[in-house]
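Below is one structure; the comments refer to it alone.
Just so it is clear, none of the values below were taken in a lab; they were calculated from the coordinates. The structure displayed is predicted, hence computed values, not measured ones. Because the Cβ atoms are built from the backbone with ideal geometry, glycine has one as well, and the counts that use them run over all protein chains shown.
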Amino acid sequence: MGHEVIVTGFAPLADDAARVLVLGSLPSVASVQAGQYYGHARNAFWPIMGRLFAFDANADYPDRCAALKAAGVAVWDVAAQAQRPGSLDSAIRPPSVRPTDLDGLLQRCPGIGHLFFNGGTAARLFRRHHPADAAIRQLPATQLPSTSPAHASVRFEQKLAAWQSLRDRLQAS
């Protein structure tokens, strides 16, 4: 079967001003090495967020995080820990997934009113590992195209157009 790497995610990027929550699946190898959400140089997350919220996508990581928080955006992953050789979401071993405490996050950040999934794997893991009666499952949710460089069949401009719904939701709230 090969070497099984256990990947542990990051703490949530969130504060009490959060109004939407972007959920990924689990950090990539590059993200873990960088100690940053969406740390792979070719991941479109930061360029998209920079365009949506008018900040420099190449700014220092703490500044990018502060800009997201100021916009009302929280970021976390569905899985707190899982076995995954490499960085592909398809390599996540479903039985090994330990979910994050999303209901706990919702208690700490009660202004969160909408979930946005960064790709299909995050949405599937969410449905599989968070029970239907969980408070987090009561929120409206939107699945967006993955910003991962592995999801190259969707061009940047197409991803940006889809992710516009996140800014629209914030402006409506």
Where Rh is the Kirkwood radius over Cα pairs, Rg/Rh for the range 107-173
1.01
Provide the per-residue ³J(HN,Hα) series for the range 113-118, in order, calculated from phi with Karplus coefficients 6.51, -1.76, 1.60 and θ = phi - 60°, each as a whole number of Hz, with x at glycine and proline positions.
x, 7, 9, 10, 8, 7
Modelled label-to-label distance, residue 96 and residue 34, 7 Å Cα→beta-carbon offset: nm?
2.3
For residue 143, enumerate residues with amide H under 5 Å from its amide H, sequence gap 5+ or separate chain, H modeled in the peptide plane.
117
FRET efficiency for residue 88 and residue 133 from the Cβ-Cβ distance with R0 = 30 Å, rounded to 0.05, comes out at 0.45
Vicinal HN-Hα couplings computed from phi for the range 95-100 (Karplus, 6.51 cos²θ - 1.76 cosθ + 1.60; Hz; Gly/Pro x)
x, 8, 5, 10, x, 6
A correct Karplus calculation of ³J(HN,Hα) over the range 23-31, with 6.51 cos²θ - 1.76 cosθ + 1.60, θ = phi - 60°, whole Hz and x for Gly and Pro, returns 10, x, 8, 6, x, 6, 4, 4, 5
Please list, in chain and number order, the residues 5+ apart from residue 22 or on another chain whose amide H is under 5 Å from its amide H, with Hs placed from the backbone.
74, 75, 76, 116
Excluding residue 33 itself, calculate the net charge of residues whose Cβ lies under 15 Å from the Cβ of residue 33, where each Lys or Arg counts +1 and each Asp or Glu counts -1.
+2
Pop the C-beta distance of residue 5 and residue 108 into the FRET formula with R0 = 30 Å and round what comes out to the nearest 0.05.
0.50
5 Å binning of all Cα-Cα separations within the range 46-139, expressed as whole percents from 0 upward
2, 12, 20, 19, 17, 18, 10, 2
Please tell me the relative contact order of the range 98-173 in percent, rounded to the nearest whole number, where contacts are Cα pairs under 8 Å and at least six residues apart.
31
If we count every other residue with Cβ under 15 angstrom of residue 156's Cβ, Lys/Arg +1 and Asp/Glu -1, where does the sum land?
+3
Treat each spin label as a single point 7 Å out from the Cα along the C-beta direction, and report the residue 51 to residue 158 distance in nm.
1.3
Would you kindly state how much longer the chain becomes between residue 81 and residue 42 on full extension, computed as 0.36 nm times their sequence separation minus their alpha carbon distance, in nm to one decimal?
11.7 nm
